[in-house]
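Contents: one structure, followed by commentary.
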Amino acid sequence: MHRTDGSADAVEQRVDWFWSAATWSGDPQVMESAKCAGIAWYDLASLPDPVSPYERIVLDAWRDGSLPATLSYGFDT
């Protein structure tokens, strides 16, 4: 996903990568507690609030089977 906050500030022009895994072993752990309040598994149909708007677009499209290879967020079209 190529995203922006709508400003001309180059620091706010970002690219986010989203990955999925078919299998997982072990338990997820918070490794930077100053940056993260917690971690848990959630069903895509019942995600907690808040979810960042741009992440919500990706997760909803993935859940619905309509996720394109690339997305953009925050740009005027």
- Task: Could you size up the charge dipole of the chain around its Cα centre, putting +1 on the beta carbon of Lys and Arg and -1 on that of Asp and Glu, and report it in debye to the nearest 20?
- Result: 140
- Roughly speaking, to the nearest percent, how much of the chain's 1.4 Å accessible area is carbon and sulfur? 53
- Once both axes come from the Cα atoms, what is the angle between helix 53-64 and the longest principal axis of the chain, in degrees from 0 to 90, rounded to 10? 60
- Item | Cα gyration tensor of the chain - equivalent ellipsoid semi-axes, whole Å, descending | 25, 18, 12
- Among 43-53, 4-14, what's the highest-first ranking by average C-beta atoms within 10 angstrom per residue? 4-14, 43-53
- Query: What do you get when you divide the Cα radius of gyration of segment 34-77 by 2.2 N^0.38 Å, with N the number of residues?
  - Reply: 1.36
- Query: In nanometres, what is the gap between the two model label sites at HIS2 and ALA40, each 7 Å from Cα along Cα-to-Cβ?
  - Reply: 3.7
- Quick one: compute the contact order of the chain, relative version, from alpha carbon pairs under 8 angstrom and 6+ residues apart, as a percent. 42
- Message: Before I look further, what does the chain give for accessible area per residue, probe 1.4 Å, in whole square angstrom?
- Response: 85
- Only helical DSSP H runs with n ≥ 4 go in: add -39500 (n - 2.57) per run for the chain, normalise by residue count and round the 222 nm mean residue ellipticity to 500 deg cm²/dmol. -5000 deg cm²/dmol
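The values are calculated or read from the model by the stated rules, or taken from the named source; none is laboratory data. As the structure is a computational prediction, the values presented were derived from the model and not from experiment. Please note: Cβ atoms are built from the backbone with ideal geometry, for glycine as well, and neighbour counts cover all protein chains shown. The protein model used for the area step is the full one, side chains on, heavy atoms only, and it has no ligands, DNA or RNA in it. Shrake-Rupley method; radii C 1.70, N 1.55, O 1.52, S 1.80 Å.
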